[in-house]
Amino acid sequence: MSEIYEVQPSDILLRWLHPGQYKWDEGRATSAAFRDEEMSVDILCLTTLEESYARAKKINKNAIASLEVLFVLEKGLEVIHSPIEGNHAHAIVLGKKSGSIPKFLAKNSKIEIYPPSEN
Amino acid sequence: MTSNSFINTKQGEFSFDTKSINESAEQFYNLYSQNITLGAYQNNSLGIPKSSTATEPNISKPLKTVTKHVQEFYTFEYLKKRRLNKSQDTRTDFALVVDTRKQEPFDWKKTTNAYQRIVHLADLEDKWDGYNAPIFSKEQINVALDVYSKTRTYAIDRGLNFSKVEPFIAPCSDGSILFEWAGKRFPSRQLEVYIPKEREAEQSFEYLKSVEDSEGEEEEGKLSLNKLYHVLDWLFKLDGR
């Protein structure tokens, strides 16, 4: 059984983006990518950007945004390490994300891997 | 009808999953799989299906296209036709034809046209975001198109160029549809409106108004379609404030 990691405020989370959720001409993620009540992410310290990207590419997702746990906690959300088969770094950001929260998360996210320009 | 059927075309044998296509047709257009015959477009002519499930090898000229569905870049088209049976009663049959000319996937990067982005939400399959995002139903897309139409009418009523009013449409991972007025086009006041996944008795949409240069100045709530003008007037500073 995988050991459960206690997420720290200083940790970084990685979130895959669908090209429709990305504002191409401005190079930013939109609120659309941060709305799920149980939002899946990867914990960067338990994986690498390249590994997370490889998992995303397997299902044709090709952009990744990062987000500091600090911002997630600021909005009263919880991050729980929840390993799944094939991904020990998987975690869930728990909590209802309506109103200003998705916009706040999008604004404070950083694009780590941009979608390929030929897509 | 079996799940996998085959069409014999000039390009060779082509197989496709009729079960998922029929399920989509049932969901979207209340078409049922009885009386569905198979055919294939080849350079605008109908081919002869190889599948033994075909009940009618020669398909007469169709009267009307009911729906199109794109699966793996091939277009499947349901055609509705009427014919007389032996007792001279009319009967409506549906034919499924496959356009074997390969289609290009929708380009979410280049296409910023709001209407096209809304319509192509129907292309997104289950778990389209790589996580658990659900598909978008025809009903929900129609509601989004109603809101889109309302914004077009708003632009006309206010004498605004629609390119200035047009929202950015994005599919949300929770199954809602985002109408966004934000970013470089809207440096001071910004607006988000969400079309929910589930239809409510009194259709209302979640909204968020925010002022970029004023920290903490935000307003969120729910609005109905007939209140859309109010928030748009606020966005374009036509409300006197």
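The values are calculated or read from the model by the stated rules, or taken from the named source; none is laboratory data. These figures come from a predicted structure and were not determined experimentally. Quick reminder, even Gly has a Cβ in these numbers, built from the backbone with ideal geometry, and neighbours come from all protein chains shown.
If A:P19 passes every condition in (1) more than 11 Å from chain B (Cβ to nearest Cβ); (2) within 11 Å of B:D129 (Cβ to Cβ) but one, which one does it miss?
(1)
Yes/no per residue for (1) polar (S, T, N, Q); (2) in contact with a helix residue (DSSP H, G or I) (Cβ under 7 Å, 6 or more places away or on another chain); (3) closer than 29 Å to B:W108 by Cα:
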site	(1), (2), (3)
A:V7	no, yes, no
A:R35	no, yes, yes
A:C45	no, no, no
A:L49	no, no, yes
A:A54	no, no, yes
A:L70	no, no, no
A:L73	no, no, no
A:G76	no, no, no
A:V79	no, yes, no
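Six or more apart or on different chains, Cβ atoms under 6 Å: show the pairs whose first residue is in the range A:85-102 and at pLDDT 95 or above and whose second is part of a loop (DSSP other than H, G, I, E, B) and crowded, with 21+ Cβ neighbours inside 10 Å.
Cβ pairs passing all conditions: A:P102/A:R35.
Which of the following residues is of a type in the set (S, T, Y) and closer than 28 Å to B:A122 by Cβ: B:S204, B:S188, B:S210?
Details: B:S188 fails: closer than 28 Å to B:A122 by Cβ; B:S210 fails: closer than 28 Å to B:A122 by Cβ.
After ruling out the rest, the residue left standing is B:S204.
So, B:K184, is that one away from chain A (no Cβ under 14 Å) and out of contact with any helix residue (DSSP H, G or I) (no Cβ under 6 Å at 6 or more places or on another chain) or not? Step through it out loud before you land on a result.
Details: away from chain A (no Cβ under 14 Å): no; out of contact with any helix residue (DSSP H, G or I) (no Cβ under 6 Å at 6 or more places or on another chain): yes.
Taking the combined requirement at face value, the residue does not satisfy it.
Please work out which residue is nearest to the chain's Cα centre (by Cα), limiting yourself to the range A:76-94 and to residues that are closer than 29 Å to B:F205 by Cβ and surrounded by fewer than 16 Cβ atoms within 10 Å (Cβ to Cβ).
A:E78
Considering every residue within the range B:196-206, establish whether at least one is of a type in the set (A, V, I, L, M) and surrounded by 12 or more Cβ atoms within 10 Å (Cβ to Cβ). Reasoning before the result, please.
First, the residues of the range B:196-206 that are of a type in the set (A, V, I, L, M): B:201.
Filter once more, so that each one left must be surrounded by 12 or more Cβ atoms within 10 Å (Cβ to Cβ): none.
Taking every residue of the range B:196-206 in turn, none turns out to be of a type in the set (A, V, I, L, M) and surrounded by 12 or more Cβ atoms within 10 Å (Cβ to Cβ).
Which residues, counting only those in the range A:93-118, are within 12 Å of chain B (Cβ to nearest Cβ) and of a type in the set (K, R)?
Taking the range A:93-118 first, the residues within 12 Å of chain B (Cβ to nearest Cβ) are A:93, A:96-107, A:114-118.
The answer is A:K96, A:K97, A:K103, A:K107.
Scan the range A:4-12 and give yes if some residue there is within 14 Å of chain B (Cβ to nearest Cβ) and under 27 Å from B:Q190 (Cβ atoms), otherwise no. So that I can check it myself, show each step before the final result.
So in the range A:4-12, the residues within 14 Å of chain B (Cβ to nearest Cβ) come out as none.
For the range A:4-12, residues within 14 Å of chain B (Cβ to nearest Cβ) and under 27 Å from B:Q190 (Cβ atoms): absent.
Residues in the range A:43-61: is at least one within 14 Å of chain B (Cβ to nearest Cβ), among the polar types (S, T, N, Q) and touching a residue at least 40 places away in the same chain (Cβ under 8 Å)? Spell out the reasoning first.
Going residue by residue through the range A:43-61, those that are within 14 Å of chain B (Cβ to nearest Cβ) are A:52-61.
With among the polar types (S, T, N, Q) added as a condition, the list becomes A:52, A:60.
Adding the requirement that they be touching a residue at least 40 places away in the same chain (Cβ under 8 Å) leaves none.
So far as the range A:43-61 goes, no, none of its residues is within 14 Å of chain B (Cβ to nearest Cβ), among the polar types (S, T, N, Q) and touching a residue at least 40 places away in the same chain (Cβ under 8 Å).
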